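Structure, as structure tokens:
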Amino acid sequence: MAQKRVLTIQDISCVGKCSLTVALPILSAAGIETSILPTAILSTHTGGFTGYTFRDLTEDVVPIAEHWKTLDLKVDAIYTGYLGSEEQQQLMADIFRDFKGTGTVVLVDPAMADNGKLYPAFDEKFALGMRDLCKRADIIAPNLTEASYILEKPYPGEDYDQPYIEQTLRELAALGPAQVVLTGVSFEKGKLGAAAYDRALDSFEYYFTERVEGYYHGTGDIYSSALLAGILNEKPLADAIRIACEFTVGAIRRTRAAATDPKYGVDFEHELAALITLLGE
Ligand code: PXL
């Protein structure tokens, strides 16, 4: 079988594992060739660190893509995460047009917010740009905060039920994506997981694991990378969300047990062997 290739478009945070520094190793471990387009270079991610540098790479996007167009580059998936500017959100439409072939899956993780708040670099206008990008995706993977910004609904905090989640999933799918995976969903104290909706089948899937106390940076990016690894390894959506949940919580559990500072990211490296096993089952 031909090796699959992903093009992933996110920032490089030099310290504090997230975005490209987790997507690359996870997709590689899953046997997927991973091409990258860095959106910005930061000394650290923007959550929990202060004084970080931020070099916006927007002006490099078009020349890089123009060069690739001379290569007849084929990709099985395009996966966007943390973007550096509103202009980049618009440039992604051109990237999707130029590199999306038959069968290419476009996954948009609207990495811009968590816990009811936008990340420091972003405002409401950026959030609406992310909504527009989600319209062009096949699969989106927001958390509940991002879903609220995209749909311009109040953030429900922990005050929601299954009908609310299913309505939210349907509203997100109505924007365009055929499949929606909502992360950080909990209906029961001590449990946390993901809810997914497949528009063509009009079906919902859920998967929960134990909730580990604390806030762990970069876990949304780890989740989306593992989700895409599952999808490209031909897993049905229900299996892909389960594998991504188990992988992510495994990394969180290890990090909690080691009591390391969670802003540096979670120990997903020691879970890669387990991920490979889950993908091979
Ligand atoms: O994990 C999401 C993320 C990615 N990239 C940067 C971030 C964050 C979250 O804070 O700051 C630069």
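The values are calculated or read from the model by the stated rules, or taken from the named source; none is laboratory data. Every value quoted in this text rests on a predicted model; they were computed, and no experiment measured them. As a convention, Cβ positions derive from the backbone with ideal geometry for all residues, glycine included, and neighbour counts pool all protein chains shown.
Quick one: Y79 ticks every box in (1) among the hydroxyl-bearing types (S, T, Y); (2) in contact with a His (Cβ under 8 Å, 6 or more places away or on another chain); (3) crowded, with 19+ Cβ neighbours inside 10 Å except a single one, so which number is it?
(2)
With segment 1-115 as the region, which strands (runs of 3 or more DSSP E) entirely inside it contain at least 3 residues that are more than 14 Å from the ligand (Cβ to nearest atom) and modelled with pLDDT of 95 or more? I'd like the intermediate steps shown before the answer.
Values: elements: 5-15, 33-44, 54-56, 75-80, 100-108.
It comes to 5-15, 33-44, 75-80, 100-108.
Hey, does segment 147-163 have a residue that's buried (at least 20 other Cβ atoms within 10 Å of the Cβ), within 16 Å of the ligand (Cβ to nearest atom) and not β-branched (V, I, T)?
Checking segment 147-163: at least one residue is buried (at least 20 other Cβ atoms within 10 Å of the Cβ), within 16 Å of the ligand (Cβ to nearest atom) and not β-branched (V, I, T).
Would you please list the contacts, defined by Cβ atoms under 6 Å and residues six or more apart or on different chains, that run from a residue in segment 109-125 that is over 15 Å from S85 (Cβ atoms) to a residue that is part of a loop (DSSP other than H, G, I, E, B) and near the ligand (Cβ under 10 Å from one of its atoms)?
D109/G81
Can you tell me which residue among A251, A226 is within 15 Å of the chain's Cα centre (by Cα) and either on the phi > 0 side of the Ramachandran plot or modelled with pLDDT of 95 or more (or both)? So that I can check it myself, show each step before the final result.
Details: A251 fails: within 15 Å of the chain's Cα centre (by Cα).
A226 is the lone residue from the list that is within 15 Å of the chain's Cα centre (by Cα) and either on the phi > 0 side of the Ramachandran plot or modelled with pLDDT of 95 or more (or both).
Scan segment 229-244 residue by residue and report those that are closer than 24 Å to K263 by Cα and either modelled with pLDDT under 95 or away from the ligand (no atom under 16 Å from the Cβ) (or both).
Of segment 229-244, the ones closer than 24 Å to K263 by Cα are 243-244.
Within segment 229-244, I243 is the sole residue that qualifies.
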